[in-house]
Each structure stands twice: as C-alpha cells, then as structure tokens.
1. For V371, are the conditions met, namely being surrounded by 12 or more Cβ atoms within 10 Å (Cβ to Cβ) and of a type in the set (V, I, T)?
2. Do you know which residues across segment 274-288 are within 16 Å of Y247 (Cβ to Cβ) and over 18 Å from the mean Cα position of the chain (by Cα)?
3. Being more than 29 Å from L523 (Cα to Cα) and open to solvent by 10 Å² or more (accessible area, probe 1.4 Å), is that true of even one residue in segment 277-284?
4. Within segment 511-519, identify whether any single residue is modelled with pLDDT of 95 or more and out of contact with any Leu (no Cβ under 7 Å at 6 or more places or on another chain), and answer yes or no.
5. So, in segment 534-549, exactly how many residues are open to solvent by less than 60 Å² (accessible area, probe 1.4 Å) and of a type in the set (D, E)?
6. Here's a check for you: in segment 513-533, which residue that is open to solvent by less than 10 Å² (accessible area, probe 1.4 Å) and touching a residue at least 60 places away in the same chain (Cβ under 8 Å) is farthest from S100 (Cα to Cα)?
7. Among the residues of segment 123-168, how many are more than 28 Å from A104 (Cβ to Cβ) and of a type in the set (A, V, I, L, M, F, W, C)?
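The values are calculated or read from the model by the stated rules, or taken from the named source; none is laboratory data. Only a predicted model underlies this, so the values are computations on that prediction, with no experimental measurement involved. Here the Cβ positions follow ideal geometry from the backbone for every residue, glycine too, while neighbour counts run over all protein chains shown. For the accessible areas, the whole protein counts, side chains as well, though only heavy atoms, and no ligand, DNA or RNA atoms are used. Shrake-Rupley method; radii C 1.70, N 1.55, O 1.52, S 1.80 Å.
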Amino acid sequence: MLEQRFRWKNKQIREQISVLDGKASPSILLKNARFLHSTLREWVVANIWILHDRIIYVGKELPRKLKDCEVVDCSEWTLVPGYIEPHVHPFQLYNPQTLSRFAAQTGTTTLINDNLLFFLHLNKKKAFSLMDQLNESPITMYWWSRYDAQTAMGEEELVFTNRDVKSWLEHKAVVQGGELTGWPKLLDGDDLMLYWIQETKRLGKKVEGHFPGASEKTLAKMKLFGVDGDHEAMIGEEIYERLLHGYAVSLRHSSIRPDLPVLLKDMKRMGLTTQYDSLMMTTDGATPAFYKQGMADYLIRLALENDVPAIDAYHMVSYNIARHFNLSSEHGQIATGRVANINFLANEHEPTPVSVLAKGQWVRKVGKEVVFADPIHWPQYDLEPLQLEWELERDDLQFSMPFGIEMVNDVITKPYTIGVDLAIDPLPKGQDESYLMLVDRKGKWRINTMIKGFATSVSGFVSSFSSTGDIILIGKRKEDMLLAFKRMKEIGGGIVLAEEGKIIFEMKLSLAGLMSDLRIEDLAQETETLKDRLVERGYLFTDPIYSLLFFSATHLPYIRLTQSGLYDVMNKKVLFPTLMR
C-alpha cells in the first residue's frame, strides 16, 4: 500500500490528544456547523475542533479550554470538504504556485500535478526540493510520475532513465504514474514501461491512462497492463465502456474539451445515474482565461445544473478522488483525523466558497483573499529568464519541404501538399499557409516546414512555450519572424507577435521561457489579448495556447513537429529529420 508518510509526528499527535483531554485548546472551533459527512452521505450538524492543520474532533462536545482559540459560529454556512483537482497540468503559462493560490480562492485546496516540465527541465534533486517548498504553503500538492515525454524526443532514453523514473515513483508526494500517453509502446512490446507500471502498482499507487477513442479491446488490454483510470471519455457510451472494464472515470471540462454537460446528459439518457461513486471531475490543465469561470466550483455548478444530486456533485471533486488515490485517511471529507481543508458555502447550491480553510489556515475569509507569504526564489531551481546564447540567422529560414502540416482543429494536424511558391517572401496575405519552424532550445538543430490553417495574416509569431521548451516560429514575413525571435530573447522568453517591423504583442514568461509569475487573473487577460490579436489575423480555433503546446505531441494524430523531425504518428516514423545548424 501507499507508504506511511508520518504526516504528524508523535509529539504532534500527543498534543492533539491533550486537547481532547481538556489540557490544551484547539486553534479553531467551528460551532454549530452544518456540513457534508461523506461517510454517512448526510448533512450533519456538529462542532468541529481544529488544531493547526488537523481536524481533531467532530461531534456534539465543546472543548474545555478556549485560550487563544478562534471561535467561529457557522450557523449561517454550509461546510463541505476542500475540493481536489485530480488531473492538473500546472505549467499552462502559469506556474504551480500561482495556480495553487488561485485555486484556493475557488475552494480547490489539493492539486494532483503533472511532473512533465520538472522531468524535462530540472534535475531530480532540484525538482524534489522545489516540490517540498511548494508544499510548505497551505495548499496541498501531490504529483504524477510520467513514463514518457508524449513527443518524439532526441535521446529520450537518456531522459526517462530507469533510475530517475523509479526515484519519482518512490517519492512520497507522487500518487500515480501517468498519464499514459505512450501506451502504443506497451502494445508494441515495451517491457521497460510495463516494468514501471508494475513498480507503480507494487508501491500501491495508481496508473492513469490517456485513451481518446480507444476500442473496448484496447481498454481491456490497458486494464491488464495495470491502468486504473482515464479522463478521455467524450460521450456517455465511452463512460459506460470504461466503467464496464472497472476504470475510475474523470469527467473532463476544459478549455479545449468542454465536455461535462454533454457527458452528464448522456449519462442521464443512458440511465447511468447511480454510478457517481466511480466518477471524478477535472478541468485537465485549462488555460488561464478559462479559469475566470472558476475551477472545481464551476464543475460542481455544472453538475448541479444537470440534475446531479448535490452530495454526488461534491463527492466527485473530493471524497471520490481521495478514495481513488488512497488518500482518504487525510483528505476528501470533514471528519476526525483529516487535514483541515474546509469550504464555507452560503448553501449547497452555491459551490463557490465564501471562506476557505486550507491546512487549518484561512486563505479566504468572508469573501476576501487572505494573502499568505511563501516566496520562492525561482533561480535556485534553474527557473529564471531564458538566456539563449545563439542567434537565429536569415539563412536558417530556408523552406523547401514538399509537404507541411494542416490544422484540423486546435490540436489535430494532418499532412498536406504545399501549393505555395516557397521562394516568395513575404507570403501573400488572405491565404492560410505560413512558414513553420521548430528550433532547438540550445540552437543545435532546426526543422522547417509550412503550416496550413493556423492564420491568414500573422506576419511574425514566436513562442518559447511549447511541450518540449523548444522555440516555435510561425509567420508570412521572415523579417518579422526574426524580429519576434529577437524580442523574445530580450524579454527572457515568452510569446511575441510582430508585424511590419513592429512588436504588436508580447507576453513575458520569466520562468525558463515556459511559465509566467503573474497572477492567474492578470495572465488570463494577457492570453485573451493574444487570442484577440491572432483572431484578428485569421486564427479560427478555440485556444492558441493549446495549439502551441500540441504541435509536438505524438499522443495525438496525425503529423507532428518534434525534436527528431517531422513525425508520422500513425506509422511511428520520422518523415524528415531535423537539420543541424
């Protein structure tokens, strides 16, 4: 089973017992609290005693001593457990700290995070140290351990080594392996990945899949390999298939896949209204502007609007998740012995909290944010402004490939035969073909092709934000592409849009060129401005941030721009290799 972490030391437990014996005071007393008792599945009224970060008593009694104890009369509130996000990508322009601070204001007090950026860009020691520092805040953070990079990397075997993957899996803050985007490797006989899955299971931890459109036979095979859950169901029938094979299912509602209302309506149509215990809900790493609607509180609201019983709606973002990840002894319910993560609601029909306790600390109180100090010195973790010690030259912008990449939607790309004269510069506006280039973060290689469907009049667009941290360039005018690249270097990494020799938009990503240190609210405004600028220039899709992220993602069809070159996903082969600079 999951290793004993000894969250509370013997001395702390003895102190907790002394409060029950009337020898010491709790730190907070919640009197007359109407709350969701998840084990009983009832709304219960009781007194709740808290000492520091732990609920030490729930019942009718009041403590004998109240010295230095904050007493809160909860008669006008309804209390529910702090929400848990089970599938977080904490690097979608924001960083884990800014995301967690924002999440807490909407009642999400526990995050279960992707480790991909840490794995690819930090050494193990620094990553683990940063994880420890992040968890010193009132917000609780757990992590996944990836088995693959979800792209065709150069020398991936030197990054995802057996030693490093096992070290991640054994870390006390890691609660699952996955998400398993490289599952075709399993089917092709990759026994090292299967070994890592077996190790994950031996440690009592979960394995999460990533199986969009998977057949029933594939789902069965993945279950035999050891996968426990999946978040890729897009219709009710796919929920049913996953439940049939014994999966825990996360219902997704994200900026790129806002599926929850459809999924809940399908479940109602199919009579799947007694299976909520096997379900969770996730926003799956939405981009900043999406979170203006809320986080887990928004998902609960959608569930209530679609006739999900209130207790089930709250359980899908708390109790069910804690049980799935073997964390229910500490999280997911308001009960004796649990971490004091509690949301104070006007009533159960209003899931956005008025006040929030996280680890027994107020992070929101009567509608106002309570700022807590947890400064992180990012450079000590090698997360500082991007410093590129190389220049991009006009000779690098040579395009001669016979076919390019066509966007089907935000994230799906297919090959197409290039019809434009590649000797032309600038390319004519009004048609949807542009130059596309991926350049090594260290300046060692490049791959040049064309992209169809991204936009009709983007002149120069550069991003250091990508799935691998390599540099993406798109545009119709090479001088503007070079100008945008130069400006991206000057600001220490980010996203830059240039036109007719002028910079018309820039977003600074001061943490390794991949993440911003802005508050989510401010970052959301910047991403909306970026989208507006791109839409004005012919961008037709929903979320350009996801487009940038998935140009290299080989867990999606059909053709991708990767560190190995132009890559055919379905046939698992490099069509054109990268060129050394």
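1. So V371 fails the test.
2. Result: Q275, Y276, D277, S278, L279.
3. Looking only at segment 277-284, we keep the residues that are more than 29 Å from L523 (Cα to Cα), and these are 277-279.
Filter once more, keeping what is open to solvent by 10 Å² or more (accessible area, probe 1.4 Å): 277-278.
Checked against the condition, which is being more than 29 Å from L523 (Cα to Cα) and open to solvent by 10 Å² or more (accessible area, probe 1.4 Å), segment 277-284 yields at least one hit.
4. We begin by selecting, within segment 511-519, every residue modelled with pLDDT of 95 or more; these are 511-519.
Next cut, out of contact with any Leu (no Cβ under 7 Å at 6 or more places or on another chain) only: 518-519.
Scanning segment 511-519, I find at least one residue that is modelled with pLDDT of 95 or more and out of contact with any Leu (no Cβ under 7 Å at 6 or more places or on another chain), so the answer is yes.
5. Quick first cut of segment 534-549, residues open to solvent by less than 60 Å² (accessible area, probe 1.4 Å) only: 534, 537-539, 541, 543-549.
Keeping just the survivors that are of a type in the set (D, E) gives 543.
Of the residues in that region, 1 qualify.
6. Looking only at segment 513-533, we keep the residues that are open to solvent by less than 10 Å² (accessible area, probe 1.4 Å), and these are 513-516, 520, 523-524, 530.
Narrowing the set further to residues that are touching a residue at least 60 places away in the same chain (Cβ under 8 Å) leaves 513-516, 520, 523-524.
Details: G513: 20, L514: 17, M515: 14, S516: 14, I520: 10, L523: 14, A524: 15 Å.
Per the stated criteria, the residue is G513.
7. Going through segment 123-168 one residue at a time, the tally reaches 7.
One line per residue, one yes/no per condition, for (1) part of a helix (DSSP H, G or I); (2) farther than 24 Å from L345 by Cβ:
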site: E241; (1), (2): yes, yes
site: P261; (1), (2): yes, no
site: A286; (1), (2): no, no
site: F290; (1), (2): yes, no
site: Y298; (1), (2): yes, no
site: V308; (1), (2): no, no
